[in-house]
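Here the structure comes first, spelled out in structure tokens, and everything after it is commentary.
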Amino acid sequence: MKRNLSGFSESTGPTGSPVPPGHTGGKVARIWKILVGPPLRADQVTSEELSPVDGLPALSLDALTSVAYGPQAIALVLAGAGAVALKFALPITIAIVALLALLVLSYRQVIEGFPQGGGAYAVSRAHLGAGFSRLAAASLIVDYTLTVAVSIAAGVAGLVSAFQSLAPYTVMLCLAMLAIITLLNLRGLGDSARAFLLPTAAFIVGLLAVIIVGIIHPIAPHVHQPGKSLVATHALQVIGVLLILKAFSSGCSALTGVEAIANGVPLFERPRVKRAKQTELLLGVILAAMLLGLGVLIAHFHVAPRMHDTVLSQVMAISVGRTWAYYTVTIAITIVLGMAANTSFGGLPILASLLARDNYLPHLFSMRGDRLVYTKGVWALAVFSGLILVVVSGNTDTLIPLFAIGVFTGFTLAQAGMVIHWRSNRTPRWHWRAVLNAVGAVVTGIATLVFVISKFAAGAWIVVVAVPAIILLFQRVHRYYEVVGKELDLSGATNAPAPHDSLLVVVPITGITQLSMATISQAMTFGGEVVAVHVAFSDAGDEEGGIIKHWERWNPGVPLVMLQTRYHSVIRPITRYVLQAMHDGKDVVVLIGEMEPRLLRHRLLHNQMGTVLSMSLRRHTDATVAILPMHVND
């Protein structure tokens with residue numbers, strides 16, 4: 001095993017950790033601290049826990065705001081068969097609401113059975129085995145990443161529908177919204193939930209009010225709708241079971257996010273199970289009311305998909321006219337649609353931490369940052385979803401066929417696992433619970449297959465490739481940690497650690513400076529033999545003699561070893577020297593002195609030799625490598 005000892009500095013810049021005044025990090029660290037907030041103590045974690053009301057903006061916005069693209073997805077599929085096919089939109093919506101009720105009841109049971117969180121991954125790991133648990137985790141990762149992209153793209157699409165002059169700036173608006181949401185989540189899920197609470201309330205109240213007005217007395221039932229109609233004048237598809245199933249599975253994108261609460265149970269206040277189940281039920285009631293209301297209005301006003309004008313935008317225009325109310329609700333929906341990405345930021349970091357603890361992802365994903373957030377998971381989600389937004393140019397219709405596959409794979413595995421859970425535990429009324437989950441597994445399984453088959457050529461193949469690739473990544477990471485675990489295992493050890501009496505401390509120097517003096521002084525405190533090494537190039541003239549003379553005059557009390565080389569590299573000679581010393585039975589510590597400017601831009605002015613040498617020694621030797629920073633008050 002390779003050992004590692006690196007110099008410690010309290011300042012870590014953009015992680016939010018404390019930075020001593022006038023020291024490394026400077027203005028960048030101070031600005032970052034203002035943006036993400038000061039570090040929180042471990043005992044302050046309760047300030048970031050969620051109530052049922054907080055749970056809606058934190059973990060439910062993805063599901064709630066899916067009303068913006070779920071009905072749209074249904075209409076787009078049916079429009080290919082002509083205007084006559086659009087009459088099936090309402091029955092399909094009713095079927096989706098029935099499935100929603102089934103899923104809400106099912107995930108309330110998942111919350112109760114797996115209060116540690118993890119959702120489909122936790123259920124699959126417990127009851128379906130490692131293979132299915134990895135499939136569930138990979139599907140959830142795809143789901144969460146695409147959910148961020150879909151939510152933000154849908155929010156910007158709604159804004160562009162109302163203000164079509166913004167269309168050329170779609171990608172830029174998407175990335176700006178992503179940056180804001182990422183920053184809020186780096187501050188902590190509690191902060192983001194509280195920041196999103198008012199817009200969420202405005203969205204729910206505003207949209208329900210639009211639906212009620214549209215049902216009772218629409219203000220502009222004959223308003224002109226901009227954009228070209230996307231309804232086929234000549235039927236491109238035959239109205240049949242396959243078309244209905246295709247529309248149903250596309251509309252099921254409105255159910256994404258239902259599982260997020262079960263994944264994030266540890267985020268709730270105590271009693272966590274009760275709070276999470278209340279939030280799940282509240283989500284189901286509100287989402288069902290919205291979907292049914294919009295389905296009725298779409299059918300009543302014969303709303304059809306149009307270019308650059310969403311179905312939801314048309315319904316609102318008919319209900320309240322293109323007045324201040326329309327634009328106010330549109331802006332609220334845009335904001336909340338973008339914030340719906342918060343669901344993934346609440347769920348994926350926790351899932352990644354569980355995977356890291358099970359040795360399927362790097363262990364750094366299990367570490368909380370200074371704001372008690374799984375920071376690495378937040379950053380990873382932001383980067384990958386941002387790349388997707390750029391690739392698809394912020395187009396929601398391109399993304400929906402992709403992310404629903406991952407969602408419904410998770411649904412299916414979670415409910416199949418719960419059937420086994422109830423059969424194993426046999427709690428009161430376990431028969432009914434098992435039947436409920438079995439029906440849900442069959443329905444969502446069929447929807448998954450329809451998605452894969454019908455949308456494969458439209459881009460769903462990407463998910464079919466991505467999920468196995470992620471599973472392969474899990475396996476490679478897990479295999480590595482198994483090897484490391486065997487190396488670290490103490491079960492066969494019989495002796496206690498013994499002190500080394502053959503310690504050699506090697507101090508590489510480039511010249512005789514204050515840095516050299518400080519490094520050698522520190523090396524002498526280690527005990528054992530200390531040597532300074534200097535690499536002399538064959539074409540450097542009398543530089544070698546000058547250094548030797550200067551060294552003799554200085555006389556620090558340790559020998560100077562000159563390493564000759566015909567190549568312009570100090571890395572290989574020092575690495576060979578260390579390897580030879582270890583071959584001679586020495587336990588080697590290499591102490592590298594390194595200048596560390598206060599300002600980030602000044603670090604670029606140094607040759608980074610210490611970093612490169614440290615990497616080479618760690619890669620090729622088992623020596624202990626330590627960095628001694630010398631701070632520059634620049």
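Read-outs: derived from the displayed coordinates by stated rules, not from any lab. Everything numeric here is computed off the predicted structure, so don't read it as measured data. Backbone-built Cβ (ideal geometry, glycine too); neighbour counts: all protein chains shown.
Provide the packing ranking of 476-487, 511-522, 282-293, i.e. peptides ordered by the mean count of other C-beta atoms within 10 Å per residue, highest first.
Peptide ranking by packing, descending: 282-293, 511-522, 476-487.
How much length is gained on full extension from residue 364 to residue 383, taking 0.36 nm per residue of separation minus their Cα-Cα distance?
Going from the current span to full extension adds 5.2 nm.
Determine the relative contact order of the stretch 503-632: mean sequence separation of Cα pairs under 8 Å and six or more apart, normalised by residue count, in whole percent.
Normalised by residue count, the contact order of the stretch 503-632 is 29 percent.
Longer than 30 Å from Cα to Cα, which of 376/486; 277/376; 246/376; 87/455 are they? Say none if no pair is.
Flagged as over cut-off: 246/376.
So, R0 is 22 Å and r is the distance between the beta-carbons of residue 269 and residue 105; what FRET efficiency does that work out to, to 0.05?
The formula returns an efficiency of 0.45 here.
Using the basic label-point model (7 angstrom from Cα toward the beta carbon), what is the residue 439 to residue 608 distance in nanometres?
Each label point lies 7 Å from its Cα, and together they span 6.1 nm.
Obtain the nm distance between the two label points defined at residue 538 and residue 289 by a simple spin-label model: each point lies 7 Å from its Cα along the Cα-to-C-beta direction.
8.5
Once you have the Cα-Cα distance between residue 84 and residue 357, take 0.36 nm times their residue separation minus that, and quote the gain in nm to one decimal.
Residue separation times 0.36 nm, minus the Cα-Cα distance, leaves 92.9 nm.
Quote the FRET efficiency, to the nearest 0.05, computed for residue 194 versus residue 30 with a Förster distance R0 of 25 Å and r equal to the Cβ-Cβ distance.
0.55
Listing 110, 561, 231, 329 from the residue with the fewest other Cβ atoms within 10 Å to the one with the most, what is the order?
561, 231, 329, 110
Chymotrypsin sites (Phe, Trp or Tyr not before Pro) within the stretch 530-582: which are DSSP loop residues with at most 12 other Cβ atoms inside 10 Å?
567
Exposure proxy check: 472, 628, 599 ranked by fewest other beta carbons within 10 Å?
Least crowded to most crowded, the residues run 472, 599, 628.
Where a ≥ b ≥ c are the square roots of the eigenvalues of the C-alpha gyration tensor, would you call the stretch 503-632 rounded, which needs a/c under 1.5, or, failing that, prolate if a/b is larger than b/c, or oblate?
It comes out rounded by the Cα gyration axes.
For residue 423 and residue 307, compute 0.36 nm times the residue count separating them, minus their Cα-Cα distance, and round to one decimal in nm.
Stretched out fully, the residue 423 to residue 307 stretch lengthens by 36.7 nm.
Give, rounded to the nearest 20 debye, the magnitude of the charge dipole that the stretch 503-632 has about its Cα centre when Lys and Arg contribute +1 at Cβ and Asp and Glu contribute -1 at Cβ.
About 400 debye.
If you take the beta carbon distance between residue 327 and residue 446 as r and set R0 to 35 Å, what does 1/(1 + (r/R0)^6) give as a FRET efficiency, to the nearest 0.05?
The pair residue 327/residue 446 has a calculated efficiency of 0.30.
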